[in-house]
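Peer 1: Before I ask anything, let me first share the structure, which is written out below as structure tokens.
The values are calculated or read from the model by the stated rules, or taken from the named source; none is laboratory data. These numbers come from a predicted model, not from an experiment. Positions of Cβ are generated from backbone atoms using ideal geometry, with glycine treated the same way; all protein chains shown enter the neighbour counts.
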Amino acid sequence: MTVRAVTIVGGGFSGASAAIQLARHAPPRLDITVIEPRPDVGRGLAYSSDDPDHRLNGTAGTHLVDPADPEEFTRWCAQERIVRADPDALARGGALFVRRSDFGRFVAQAFAREVERRPALRLRHLRDEAIDATLETQGVSATTRGGSRVPGDVLVIATGNAPSRFPLTLPADVAAHPSVIAEPWDLRRLRAVDAAARVLVLGTGLTALDVITTLLRRGHCGRITAVSPRALRPRAHRPAFDLPPALAAAGMLQRIDGSLAPFVRELAQPMQATTLMRALRARIAQARVQGESWYGPFDEFRDPLWRVWSALDARVKARLLRHARRWYDVHRFRAPPQNDAIVNEAERQGRVLIGPAKVSSIARAGDGTLVVELQEGRTRRVHTEAFDAIVNCTGLDGRGGATTNPMLASLTRQGRLVPDVTGIGFAVDAQCRPIGQDGTRTDRLRVIGPPTAGTFGDPLGAIFIAAQIRRMLPGIFA
Ligand SMILES: Cc1cc2nc3c(=O)[nH]c(=O)nc-3n(C[C@H](O)[C@H](O)[C@H](O)COP(=O)(O)OP(=O)(O)OC[C@H]3O[C@@H](n4cnc5c(N)ncnc54)[C@H](O)[C@@H]3O)c2cc1C
């Protein structure tokens, strides 16, 4: 198949990284169109927040947009004098945890530079939403809400994270309450919450830390309560002085795609969930005996996880998701030290309470108060508590938007996209080609980033997505 035009649907980090890598490393006469309704290509959901306290959850040195240039972002931070503009970015020990808005700006600028470098229309941003895609004999075309038809030879689905959903069905009057916030990134509504409000945050992960930080930095004086079934919180990053240099992007890329650590090599074959977890825990225990922390062995496992995960049987994956995911997530998604410190201090002062509980019902009283029935984690004791605002931080919809995103819904109806057996995103093969209802796959479609997490385990962080794209690109032109 001769590829002259690639259409990328979604211009968040994944779509931007795909476009930038194509523009830099694919044949120069290729036409690339990114369809994205937001004003910039590169920010997406993750890097659109304008809250100055919403920071990257890893150091600047581990973030990149093109694996061929692992230090591009670090150089950009120096050129932009990020530390001068944002001294708080420098954490204890010297590691740089920059604002997510700055990373978004970096990616958007990298994309804009590639647009400038190319002859007119060879790389363009079509500010629109794709609502349908059709495979034709000669190619694949996308239809947009604005009425455009974009023909191409290959269509890359980079639609990312589907919006969050409340973990329980809400009565209509509760759902319509102005301070019941289903989408935690709706900062306009979050900022409108009264400073004295009693706030219930559902979830205790990184999103909850961001939301609590936003409220506290705005001078919130009402009590903030955050709950999740086990109240597991993201682990803090290790102090930077403890970081081996190999943990920077180049070292991570080496682990993602290079040779596997000996204990991971043993895990990269079909095995039972318990065997895998036992081996990982044993490796961590061994590190501890040698005076090392869990970070090293955990990262040796996390970075090449796509190779371990692909070898596992569907039932084993289901067991791991059921029993090990929470543990994995709190070690994997680490809190930026700045947010960790802000929330810890407020907790110490009694302004923030974090505890194990599940919400069983929410009702709205006549005066607008939200009456919440909470079942405590260990005791299962049920009690009722009153709040003025509720913010849902239970995570994004892992199904990847198969029902809510019109283009994905259409491709699902056409049998081109099928939910992955894990229930996360879509089934794809090693080349990121979706596996259709009849088991066939076409070279004309590719899916990248979070909607492939069911197949690859953890293509969720920027560096993992960029590496996934690098592995996929040669196959498009083969
Ligand atoms: C809040 C948050 C913070 C994060 N922080 C970090 C971090 O610090 N470091 C890290 O490595 N990873 C982080 N991540 C992980 C993140 O998933 C990836 O880094 C990456 O941003 C995912 O990018 P994406 O483009 O796939 O998804 P998204 O950011 O969700 O972007 C998808 C884009 O697709 C567009 N789109 C969807 N459907 C259509 C359509 N039909 N037509 C046109 N456009 C469409 C949307 O408008 C959106 O802009 C974070 C994730 C979140 C949610």
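Peer 1: Within segment 137-156, is there a residue that is part of a helix (DSSP H, G or I), within 14 Å of the ligand (Cβ to nearest atom) and either free of Cβ contacts under 8 Å to residues at least 40 places away in the same chain or under 21 Å from the mean Cα position of the chain (by Cα) (or both)? So that I can check it myself, show each step before the final result.
Peer 2: From segment 137-156, those part of a helix (DSSP H, G or I) are none; that's our starting set.
No.
Peer 1: Name every residue in segment 333-358 that is in a helix (DSSP H, G or I) and in contact with an Asp or Glu (Cβ under 7 Å, 6 or more places away or on another chain), in order of residue number.
Peer 2: Hits for segment 333-358 are Q338, N339.
Peer 1: Take the residues in segment 157-181 that are without any contact (Cβ under 8 Å) to a residue 24 or more places away in the chain and not in a loop (DSSP other than H, G, I, E, B); name whichever of them is farthest from D388 (Cα to Cα). Reasoning before the result, please.
Peer 2: We begin by selecting, within segment 157-181, every residue without any contact (Cβ under 8 Å) to a residue 24 or more places away in the chain; these are 169, 172, 175-176, 178.
So of that shortlist, the ones also not in a loop (DSSP other than H, G, I, E, B) come out as 172, 175.
Values: A172: 17, A175: 13 Å.
Per the criteria, the residue is A172.
Peer 1: Could I ask something else about it? Do you know which residues across segment 253-294 are part of a helix (DSSP H, G or I), under 20 Å from A467 (Cβ atoms) and not hydrophobic (A, V, I, L, M, F, W, C)?
Peer 2: Q254, R255, D257, R265
Peer 1: Right, something else. May I ask you to list the residues in segment 409-434 that are in contact with a strand residue (DSSP E or B) (Cβ under 7 Å, 6 or more places away or on another chain) and in a helix (DSSP H, G or I)?
Peer 2: S410, L411
Peer 1: So, one more: When you scan segment 435-458, how many residues do you find that are part of a loop (DSSP other than H, G, I, E, B), over 20 Å from F477 (Cβ atoms) and within 9 Å of the ligand (Cβ to nearest atom)?
Peer 2: Looking only at that region, the number is 1.
Peer 1: Is one or more of the residues making up segment 13-20 within 7 Å of the ligand (Cβ to nearest atom) and farther than 21 Å from G146 by Cβ?
Peer 2: So far as segment 13-20 goes, yes, one or more of its residues are within 7 Å of the ligand (Cβ to nearest atom) and farther than 21 Å from G146 by Cβ.
Peer 1: When you go through (1) surrounded by fewer than 21 Cβ atoms within 10 Å (Cβ to Cβ); (2) modelled with pLDDT under 95 one by one for P336, which number turns out not to apply?
Peer 2: (1)
Peer 1: Can you name the residue in segment 76-105 that is more than 12 Å from the ligand (Cβ to nearest atom) and either closer than 16 Å to I463 by Cβ or not assigned by TED's automatic domain parsing to the domain that holds H125 (or both) and is also nearest to the chain's Cα centre (by Cα) among such residues?
Peer 2: Initial filter on segment 76-105 (more than 12 Å from the ligand (Cβ to nearest atom)): 76-96, 105.
So of that shortlist, the ones also either closer than 16 Å to I463 by Cβ or not assigned by TED's automatic domain parsing to the domain that holds H125 (or both) come out as 76-77, 95-96.
Working: W76: 23, C77: 22, A95: 22, L96: 20 Å.
Within segment 76-105, the match that is nearest to the chain's Cα centre (by Cα) is L96.
Peer 1: Mind listing whichever residues of segment 146-179 are within 20 Å of V201 (Cβ to Cβ) and among the basic types (K, R)?
Peer 2: Listed by number, the list holds a single entry, R165.
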